[in-house]
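The values are calculated or read from the model by the stated rules, or taken from the named source; none is laboratory data. Bear in mind that the values here come from a model prediction, so they are computed numbers and not experimental data. Here Cβ is always computed from backbone atoms with ideal geometry, including for glycine, and neighbour counts include all displayed protein chains. These area figures cover heavy atoms from the full protein model, side chains too; ligands, DNA and RNA do not enter into them. Shrake-Rupley method; radii C 1.70, N 1.55, O 1.52, S 1.80 Å.
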Amino acid sequence: MYSFDKDLWHVRARPTGSQDDTKEENRSESPTSAVGAESPRELPNELSAPYEVPQFPIEQIEKKLLIQRQLNVKAAECGQSARSLAGDAVLEEAAKLRATDDDFDVVLPHFQRVAISGEDTSGVPLEDLQQASSYLVQALEIRKRYMDISQQSFCSITARFLRSMDSEAAANHKPSVSVQKHIADHMVHPPFKANKDPWEGPTPSAKDYTIKADDGVFNLYRQTEAGEERVPYEYVKLPQFIQDKNTMCTMIADGPLKSFCYRRLSYLSSKFQLHVLLNELRELASQKAVPHRDFYNIRKVDTHIHAASCMNQKHLLRFIKKTLKKHADEVVTLHKGSPMTLKAVFQSMNLSTYDLTVDMLDVHADRNTFHRFDKFNAKYNPIGESRLREVFLKTDNHMNGKYFARIIKEVASDLEESKYQNAELRLSIYGKSPGEWAKLAKWAIHYDVHSDNVRWLIQIPRLYDIFKSNKIMNNFQEFLSNIFLPLFEVTRDPNSNIELHKFLTHVVGFDSVDDESKPENPMLEADVREPRAWADDENPPYAYYLYYMYANITVLNHFRKEQGLNTFVLRPHCGEAGPVQHLVCGFMLAENISHGLLLRKVPVLQYLYYLSQISIAMSPLSNNSLFLNYHRNPLPEFLARGLCVTLSTDDPLQFHFTKEPLMEEYSIAAQVWKLSSCDMCELARNSVLMSGFPHEMKQYWLGPNYTKEGVAGNDITRTNVPDIRISFRYETLLDELTNMFKFRHNPQQNGVRPPTPPTPDMKVVSLKRPSLV
């Protein structure tokens, strides 16, 4: 049954039989008395029926203001010792798990909490509960191991529970990021300086290492007296990855585990609906009490946007017209070996500036692109001409990307003008030749394509089959070498390519892109070929691409950390279409993902993404044109359940109409799904947490203690997210983890023994239940 923790701490504080209790019982059930205030004086023009509202708008406003003032007074009086009926055990458990250097003297917000009473709160048989807990903990351990090895982040709350199973881990734990303890220590001014060279950074000395590829993964070797010795940078080998992936795939197909996870997700949805029903006014009052801050002036990051389509179609049209008028005589390309000016290019198409319209550009996605990724890719060509895409939207062309740099800087200027919007733009490295990195870095440095509102991700299209069929390369190892070898070389000796070294300081991670719905075998066999032996025209599966990206990034991160340089994360497109096994790879290998639509079909993975708080950048307008109608998008459901979701634009050129595509994305989502101001601010806060912007910037945007858990990490004056919402999310996650680990810690209860998790040496990867053996 549900029980509501209404003013519980006051009931505990009062003596038995006090007059206050009598007053509480006799209080009328008006909206104001529901929050512990006296009923307002009945207005003379109010109708007799208690459910009628006053006739005049000014009186409605007065009543609402009175309710909100009483809510604020009530919260201030009751905020000193807030504890929930169900939350006591959960918070005590959290206190035990906290490291000794963390503060726990946080005042919890006052709100009505929803709890479940009784012994059996899961609704499933005890045997299924114990086995489900065992499987889920095993999956979380797999992800934590992969994240730790690769220097990527893992949810700190879940990590505490996992460490609680290891008696030595908690004692050895040290926070990875030092946070300022008090608001007085918080920086007042932005963490960037106007006169500082943005490309400035540390330049470590060269290392005397040799770089070699071992089965597709680059390793570093040093000379010793005994000969050549591999630098012991740890990474997951391919056989281990295949075994862990098969283990995870067996888990997500387990019937009782699917039922358990589905029930927990349904419970989370219902709990959130009750929370909103009981606390919506309190959340709104908290937001209104904050001066200056509202949804428009909180920081938002577009965490999934491609640089080649980051402008809207009207912006691109104006830019093309302006360039054609001012720079018509510039040589922009070669045609059959002879140079062509921009004017000649348009003359060859019988077009002038007057003829150009948005409709003629034909870059916007329409109903014909639904489930047609090939037609969608063709939309990148203005007027259907690949030459115009090469001239205006490429970094590697006859003009070395001059026009593309200009339009990117215009987009960045718009972001700076808005002040509160930021973007992580994706630039392409195709892997066709090892010189791509040097050209890209030269483009960025030479044209000074930089903004404090922009960071870069590198997207790697999965196009090996096209390169192989065109005889550009002989095997998959060459593809990997073209992508990763230049990065190892510039990390070993930054002065070998100082432009690339500087550019990499603004790169936060890697993305893997292409049409996920292409037919493939989603499972990797144990005897899969190594990259040097993959020499046919067949494209490797998604998991093969992602593993070798992950493994090389892992070794590269170890090396860059040793050199005192920034590290990278893996943030692929995942779960937009195609097999659900892609989401298994994302769970194991990626710090966060883009899209994640297919999680709606896999309750086990969806619950694991929730427990791990893996960030998901969702783009409903993009999905609406390509794979899933807007009203079927699972974003509101994911948000209600507590998954860490954000809104992003993907391709404004194809999907948006306005100058501020990110605000357009938020506004449409708010209208269609009736999102509250609190929901919108929560999505924006998630986007900042997910992003790769520097720690100092996030402190300035979110507050000095944003890395702390729960309410301690929230500064409502910066995020505009009420402490009530943060506390609800935190306590709910603690509740789920506590229940799961409680049964995981008592595996012998009632004589039920959960299966032993597979060890690296075990050949069998299936997870058969005792009842099915």
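For the cross-link pairs Lys325/Lys432; Lys207/Lys432; Lys288/Lys674, the ones whose C-alpha atoms lie over 24 Å apart are Lys325/Lys432; Lys207/Lys432. Based on C-alpha pairs under 8 angstrom that are at least 6 apart in sequence, the stretch 248-737 has a relative contact order of 21 percent. Rolling a 1.4 angstrom probe over the stretch 248-737 with all protein chains present gives an accessible area of which 49% lies on carbon and sulfur atoms.
Which values of log₁₀ I(q)/I(0), to two decimal places, follow from the Debye formula for the stretch 521-563 at q = 0.18, 0.22, 0.29, 0.32 Å⁻¹ with a uniform point scatterer at every Cα? Summing over Cα pairs of the stretch 521-563 leads to -0.62, -0.79, -1.08, -1.19. Each Lys or Arg adds one and each Asp or Glu subtracts one; over the other residues with Cβ under 9 Å from the Cβ of His595, this totals -3. Along the Cα-to-Cβ line of Lys419, 7 Å from the Cα, sits a label point; which residues in the stretch 623-649 have backbone N less than 19 Å from it? Backbone N within reach: none found.
In this structure, the amide hydrogen of His304, modeled 1.01 Å from its nitrogen in the peptide plane, lies closer than 5 angstrom to those of Glu424, Thr649, Asp650, counting only residues at least 5 positions away or on a different chain.
Using a cutoff of 8 angstrom between alpha carbon atoms and counting only pairs six or more residues apart, the relative contact order for the stretch 386-466 works out to 34 percent.
Take the Cα of Arg145, step 7 Å toward its Cβ, do the same at Ser338, and the gap between the two points is 6.5 nm. Proximity of backbone amide H atoms, modeled 1.01 Å from N, is registered between Val513 and Ile460, Arg462 at under 5 Å, excluding neighbours fewer than 5 places apart on the same chain. For the pair Trp199 and Val231, the difference between a 0.36 nm per residue extended length and the Cα-Cα distance amounts to 8.5 nm. The equivalent ellipsoid that matches the C-alpha gyration tensor of the stretch 247-302 spans semi-axes of 38, 18, 5 angstrom, in descending order. Annotation: per residue accessible area for the stretch 248-737 equals 34 Å², rounded to a whole number [probe 1.4 Å, protein chains only]. Put simply, the convex hull of the Cα atoms in the stretch 248-737 casts, on average, a shadow of 24.2 nm².
The distance linking the stretch 233-276 with the stretch 559-577 is 23 Å (Cα centroid to Cα centroid, whole angstrom). For the cross-link pairs Lys196/Lys502; Lys314/Lys409; Lys314/Lys442, the ones whose C-alpha atoms lie over 18 Å apart are Lys314/Lys442.
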